[in-house]
Amino acid sequence: MRVLLIEDDENLRNTLIKRFEETGYVVDAADNGEDGLYKGQEYPADVAVIDLGLPRISGMEVIQTLRQDGIEFPIIVLTARGSWQDKVMGLDAGADDYLVKPFHFPELLARVNALVRRASGNTTPEIACGDLSMNMSTQEVKLRGQALDLTSYEYKVLEYLLHHQNEVVSKTILTEHIYHQDYDRDSNVIEVFVGRLRKKLAKIDPDTKYIETLRGRGYRMRSAD
């Protein structure tokens, strides 16, 4: 999944980038509100982590502008401010949650994961599609109770498709959500990952086709009939 991180503290920003990437997220980062707003408007994201005390444009204004533009990905606010008024203002501006500095990364990650799940209609760490299940907390994937051994990118592709079941997802969208923004979007590597996923699923359940190909449009995750 893809996270937009807007944080002007260099040490904290670099630490968060590293920790998010270690857990499988692709990170678009900015050190000021102006650049962060641009990235939020131009690049797809599944969730955003935004500091309120930003240079150039405040985090509050970034959130308000994104919401006014109809951009609906969930947002969690980071703030060093202790007053309840700042928290309320952040939520009123359009944020979905807040976390006061200093904080522990596992708590931030748990909140981010919860927002992503909620946005896709899931309320628990486990996503299911027929006999196929994924636990986002442990990153375990099972089909009919048997564990699947997936590479990090196979996992990312499957995770996105599971979050968007019954939707047509193009190769471009998949590429944008599993790679950094400077990745070559003309690559056909997504086809390779989908092919590998199908083979691994077929070893356990050869008769079931979870990932459909829609020629010229992309892929669709469908549960077994």
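The values are calculated or read from the model by the stated rules, or taken from the named source; none is laboratory data. All values derive from a computational prediction rather than experimental measurement. Here Cβ is always computed from backbone atoms with ideal geometry, including for glycine, and neighbour counts include all displayed protein chains. Surface areas here come from the heavy atoms of the whole protein model, side chains and all, with no ligands, DNA or RNA. Shrake-Rupley method; radii C 1.70, N 1.55, O 1.52, S 1.80 Å.
Here are a few things to note about the model shown:
- Accessible surface, the chain, averaged per residue in Å² (probe 1.4 Å): 50
- Rounded to 10°, Cα long-axis angle of helix 152-163 versus longest principal axis of the chain: 80
- Principal-axis analysis of the Cα atoms of the chain puts helix 189-204 at an angle of about 50° to the longest axis.
- Excluding exposed DSSP-loop GluC sites (Glu not before Pro) (at most 13 other C-beta within 10 Å), longest clean stretch of the chain: 73-166
- Compactness of the chain, taken as the C-alpha radius of gyration over 2.2 N^0.38 Å, stands at 1.06.
- Dividing the summed helix terms, -39500 (n - 2.57) for each DSSP H run of n ≥ 4, by the number of residues in the chain produces a 222 nm estimate of -13000 deg cm²/dmol to the nearest 500.
- When each of Lys87/Lys156; Lys156/Lys200; Lys39/Lys156; Lys142/Lys199; Lys142/Lys203 is checked by Cα-Cα distance, pairs over 23 Å: Lys87/Lys156
- Fraction of accessible area attributable to carbon and sulfur, the stretch 6-104 (%, probe 1.4 Å): 44
- Only beta bridges with both residues in the stretch 39-113 are counted; by DSSP, about 0 percent of them are antiparallel.
- Pairwise label distance in nanometres, Asn166 with Gln146, each label 7 Å out on the Cα-Cβ vector: 2.9
- Degrees between helix 10-22 axis and first principal axis of the chain (Cα, 0 to 90, nearest 10): 10
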